[in-house]
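A.B. asks: Dropping a structure here in structure tokens format, bear with me for questions.
Every read-out reported here was derived from the displayed coordinates using simple, explicitly stated rules and does not represent laboratory data. For clarity, every value in this text was computed on a predicted model and none was experimentally measured. In this analysis, Cβ positions are derived from the backbone assuming ideal geometry, glycine residues included, and neighbour counts consider all displayed protein chains.
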Amino acid sequence: RAHPALEIPRDVIDAIVQGGPGRLLQVVPLAPVFDDKRRFRGFRIVSIHDNSAEILRFGIHPGDVLVSINGQRIIRPNHLVALFKLLPNATLLDIRVQRDQLPVRVQIPIGVRRPADDDGDGRDSRSR
């Protein structure tokens with residue numbers, strides 16, 4: 001379910017992409033989840049640090065098991081790293097989790113990247 005009044009600022013996504021998985025794990029610590037036969041099932045959201053109240057309003061909760069982002073299933077632990085390639089141009093995080101053994105879909109809009117033009121003349125002020 002989308003929450004149109006809420007969005008993750010683009011600069012937050014950019015900081016996570018630039019910082020890599022280590023930065024993500026600082027914001028949202030994750031723990032691998034395995035079934036009885038030791039097959040990987042996803043990542044459990046252990047806790048939420050930065051902007052925790054904001055993230056909770058989107059519908060993500062500690063204890064949720066992350067199984068896919070933007071249609072890309074997390075089948076192996078190293079798939080999380082590959083998902084970082086999707087984030088720079090994404091406008092929406094379409095997250096699938098398991099909560100109490102039930103599938104839950106959470107959609108979080110991502111804010112637009114602000115142009116570097118800060119004086120309104122249409123030119124990038126860094127190139128002058």
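A.B. asks: Arranged from highest to lowest average of other beta-carbon atoms within 10 Å per residue, in what order do the peptides 64-73, 30-39 appear? The partial results should precede the final answer.
C.D. replies: Values: 64-73: 16.7, 30-39: 10.1.
Ranked from most to least packed, the peptides come out as 64-73, 30-39.
A.B. asks: Now a separate question. Within 11 Å, Cβ to Cβ, of Ile45, how many net charges do the neighbouring residues add up to if Lys/Arg are +1 and Asp/Glu are -1?
C.D. replies: That works out to +1.
A.B. asks: Oh, and also: Just add up the charged neighbours of Gln72: K/R +1, D/E -1, any other residue whose Cβ is under 15 Å from the Cβ of Gln72.
C.D. replies: Details: positive: Arg73, Arg76, Lys85, Arg96, Arg105; negative: Asp94.
My count for the surroundings of Gln72 gives +4.
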